[in-house]
Amino acid sequence: MGAITCKFGGTSLADGECIKKVADIVHSSPDRKYIVPSAPGKRHPNDKKITDLLILWHSIAKEGLDSSEPEKIIRERFRSIVAELKIELDIDSEIDEIANSATLYETPDFMASRGEYLNGKIIAKYLNATFIDPGKYILFDETGNLDPKTYNILGEKLQGSGLFVVPGFYGSMPDGSIKTFPRGGSDITGSIVARATKSVLYENWTDVDGFCMADPKIVPNPKKIEEITYQELRELSYMGATVLHDESIFPVMEFGIPIHIKNTHNPSAPGTLIVKNRVPKGPVCGIAGMGGFSMINIEKTFMNKERGFGLKVLSVLDEYDVRWEHMPTGIDTLSIIIRNNELGSKGPLIVESLKKRCDTQDVYLIRGLAMIATVGLGMNHHIGVAARLFTALANAGVNVRVIDQGSSEMNILVGVEESDLEKSIRAIYEAFVDWE
Ligand code: ADP
Ligand code: ASP
Ligand code: MG
């Protein structure tokens, strides 16, 4: 067939038993050649993720406080994995080395990356594979974007026979310091490896049977999606469908390398195939949503006639170094939707600046908003989609705070109170699940 890149998520690598299942999957096809592991994830809902503990370790140590607690939990977790797999690896020396570096760097990147680094070493040993440190071969440029020369450098390093293990989640800056991708970023590493090695398929192994029409934690037993396009997937993952990081489609999209989402704990399930094009069966393929948004509403009569009004608004956001997500407008109103973690505590200051710059007192900050994306290629030219969506929300007693529809006509976004998020997703799901 041709080489396959396999990324295994944290939930697929949470303990030794999981890693044994991963080895069975890898060995069941000679095409599975490039393995990209995450750090160990949660073994049960109340467990801790190794990456979270490493970030905590860094922040406690940086404050000069006692970080022995996270260090102990991490050490024990890795010791037990090594013991379960019965491999020869001096895990204590590895952790001692990490401990010595805990306060070396201002940012948490180096510490955060060590979960993938160690898990990569363990898995390479267990699979008898070559370990490739992405700190040397996945390169960022000065601005923190992936340097395209990575593809050649990494591709060359991954030539030859046998299996290769490339830990996910990190690379290095031009000065050699370690930099991580955003959280969930091992998916991006998998995609980079697939492209660098010209793999025919990028398998992304996780803990669900595939991409579902809605998050199984919100809608019980949701319909599985057999096939979805890169673009549809990006719209959904950007809005909270965490199965695959939204940025991970870019390296493979240009070359049309399909991504196959599969379940490590149920490998025979067909999974979801992510492709360039598909023929849609119904108008909606998925619904995703998340809380953590704020909205700034600006009202001013005849703002539509005022030259440069939008520019004034955006210049204020620019001065406060705040990135925005959506900007729905009316004749006399303009709203800006911003993620809370981007806005921080700057909201009231921005409101005051906007009042002055836009010469209106009617500027309001609304917090506690959730955004929901209803996505599907089949929505294009399909009559009645919006009517059905808003009827479903009205019947569920949801107050819609804001609406935005991209010109692509494949995504309708609605803003609701955070407390209405799950109810809204369930209502939209029920309205569209059987509409073919
Ligand atoms: P991994 O550790 O493999 O990277 P993640 O936790 O990042 O796994 O992603 C898998 C999780 O994504 C699932 O456990 C599920 O709860 C969640 N999820 C959110 N939206 C969806 C969806 N639409 N379909 C399937 N899973 C979803
Ligand atoms: N371990 C990293 C995280 O927890 C990256 C990943 O799992 O993809 O975000
Ligand atoms: Mg993930």
- request: Of all residues in region 1-17, count the ones that are more than 14 Å from ligand 2 (Cβ to nearest atom), open to solvent by 10 Å² or more (accessible area, probe 1.4 Å) and not aliphatic (A, V, I, L, M).
  value: 3
field: region 229-244, subset touching a residue at least 24 places away in the same chain (Cβ under 8 Å), part of a helix (DSSP H, G or I) and open to solvent by 50 Å² or more (accessible area, probe 1.4 Å), residue nearest to ligand 2 (Cβ to nearest atom)
entry: Tyr238
message: Take the residues in region 198-215 that are part of a strand (DSSP E or B), under 29 Å from Gly155 (Cα atoms) and of a type in the set (A, V, I, L, M, F, W, C); name whichever of them is farthest from the chain's Cα centre (by Cα).
response: Leu201
- prompt: If you go through region 258-278, how many residues are under 12 Å from Ile25 (Cβ atoms) and touching a helix residue (DSSP H, G or I) at 6+ places or on another chain (Cβ under 9 Å)?
  reply: 5
field: Filter result (surrounded by fewer than 19 Cβ atoms within 10 Å (Cβ to Cβ), touching a helix residue (DSSP H, G or I) at 6+ places or on another chain (Cβ under 9 Å) and of a type in the set (S, T, N, Q)) within region 360-418
entry: Thr360, Gln361, Thr391, Asn395, Asn399, Gln405, Ser408
- prompt: Applying the selection to region 248-274, what residues are more than 18 Å from the chain's Cα centre (by Cα) and either among the β-branched types (Val, Ile, Thr) or under 30 Å from Gly415 (Cβ atoms) (or both)?
  reply: Ile257, Thr264
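Assess whether Lys262 counts as being surrounded by fewer than 16 Cβ atoms within 10 Å (Cβ to Cβ) and either part of a loop (DSSP other than H, G, I, E, B) or touching a residue at least 24 places away in the same chain (Cβ under 8 Å) (or both). Write out each step before concluding.
Values: surrounded by fewer than 16 Cβ atoms within 10 Å (Cβ to Cβ): no; either part of a loop (DSSP other than H, G, I, E, B) or touching a residue at least 24 places away in the same chain (Cβ under 8 Å) (or both): yes.
The answer is no for Lys262.
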- request: Working only within region 176-197, note down all residues that are among the small types (Gly, Ala, Ser), surrounded by fewer than 24 Cβ atoms within 10 Å (Cβ to Cβ) and either within 13 Å of the chain's Cα centre (by Cα) or more than 26 Å from Gly2 (Cβ to Cβ) (or both).
  value: Gly176, Ser177, Gly184, Gly185
task: Being under 26 Å from Lys223 (Cα atoms) and of a type outside the set (Gly, Ala, Ser) narrows it down to one of Val351, Val416, so name that one.
output: Val416
- prompt: If you go through region 49-82 one residue at a time, how many are within 16 Å of ligand 3 (Cβ to nearest atom) and modelled with pLDDT under 95?
  reply: 0
message: I'd like to check something: does region 321-329 contain any residue that is more than 16 Å from ligand 2 (Cβ to nearest atom) and either assigned to a strand (DSSP E or B) or among the polar types (S, T, N, Q) (or both)?
response: yes
- prompt: How about region 152-197: which of its residues are hydroxyl-bearing (Ser, Thr, Tyr), touching a residue at least 12 places away in the same chain (Cβ under 8 Å) and either more than 16 Å from ligand 3 (Cβ to nearest atom) or not in a strand (DSSP E or B) (or both)?
  reply: Ser172, Ser177, Ser186, Thr189, Ser191, Thr197
query: Out of (1) within 26 Å of Asp109 (Cα to Cα); (2) without any contact (Cβ under 8 Å) to a residue 12 or more places away in the chain, what's the single condition that is false for Pro30?
result: (1)
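With a cut-off of at least 2 residues that are without any contact (Cβ under 8 Å) to a residue 12 or more places away in the chain and open to solvent by 20 Å² or more (accessible area, probe 1.4 Å), name the helices (runs of 4 or more DSSP H) lying wholly within region 60-141. Don't jump to the end; show me each part of the working.
On the way: elements: 68-85, 91-101, 109-127, 134-137.
Output list reads 68-85, 91-101.
What are the residues in region 245-256 that are in a loop (DSSP other than H, G, I, E, B) and buried (at least 21 other Cβ atoms within 10 Å of the Cβ), if any? If you could, list the steps in order and put the result at the bottom.
Step one: filter region 245-256 for residues in a loop (DSSP other than H, G, I, E, B), giving 245, 254-256.
Listed by number, the list holds a single entry, His245.
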- prompt: Taking the stated definitions as given, is Ile153 among the aliphatic types (A, V, I, L, M) and within 16 Å of ligand 1 (Cβ to nearest atom)?
  reply: no
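Just to check your reading of the model, which residue among Asn395, Asn341 is of a type in the set (S, T, N, Q) and more than 28 Å from the chain's Cα centre (by Cα)?
Working: Asn341 fails: more than 28 Å from the chain's Cα centre (by Cα).
Just a single option satisfies the conditions, and that option is Asn395.
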- prompt: Name the residues in region 3-25 that are part of a loop (DSSP other than H, G, I, E, B), in contact (Cβ under 8 Å) with a residue 60 or more places away in the chain and within 16 Å of ligand 3 (Cβ to nearest atom), would you?
  reply: Gly9
Search result, residues across region 381-409 that are farther than 25 Å from Pro220 by Cα and part of a loop (DSSP other than H, G, I, E, B): His381, His382, Ile383, Gly384, Gly406, Ser407, Ser408, Glu409
message: So for region 36-43 (the condition being at pLDDT 95 or above, closer than 28 Å to Val200 by Cβ and away from ligand 1 (no atom under 16 Å from the Cβ)), does at least one residue qualify?
response: no
message: Go through region 202-228 and report how many residues are more than 13 Å from ligand 1 (Cβ to nearest atom) and open to solvent by less than 20 Å² (accessible area, probe 1.4 Å).
response: 1
Search result, residues across region 298-324 that are open to solvent by 30 Å² or more (accessible area, probe 1.4 Å) and either free of Cβ contacts under 8 Å to residues at least 24 places away in the same chain or in contact with a Phe, Trp or Tyr (Cβ under 7 Å, 6 or more places away or on another chain) (or both): Lys305, Glu306, Arg307, Gly308, Leu311, Leu314, Asp318, Asp321, Arg323, Trp324
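The values are calculated or read from the model by the stated rules, or taken from the named source; none is laboratory data. Small disclaimer: the values here were computed from a predicted structure and weren't measured. Cβ coordinates were reconstructed from backbone atoms using ideal geometry, including for glycine residues, and neighbour counts include every protein chain displayed. Side chains are part of the model used for accessible areas, which takes the heavy atoms of the whole protein and leaves out ligands, DNA and RNA. Shrake-Rupley method; radii C 1.70, N 1.55, O 1.52, S 1.80 Å.
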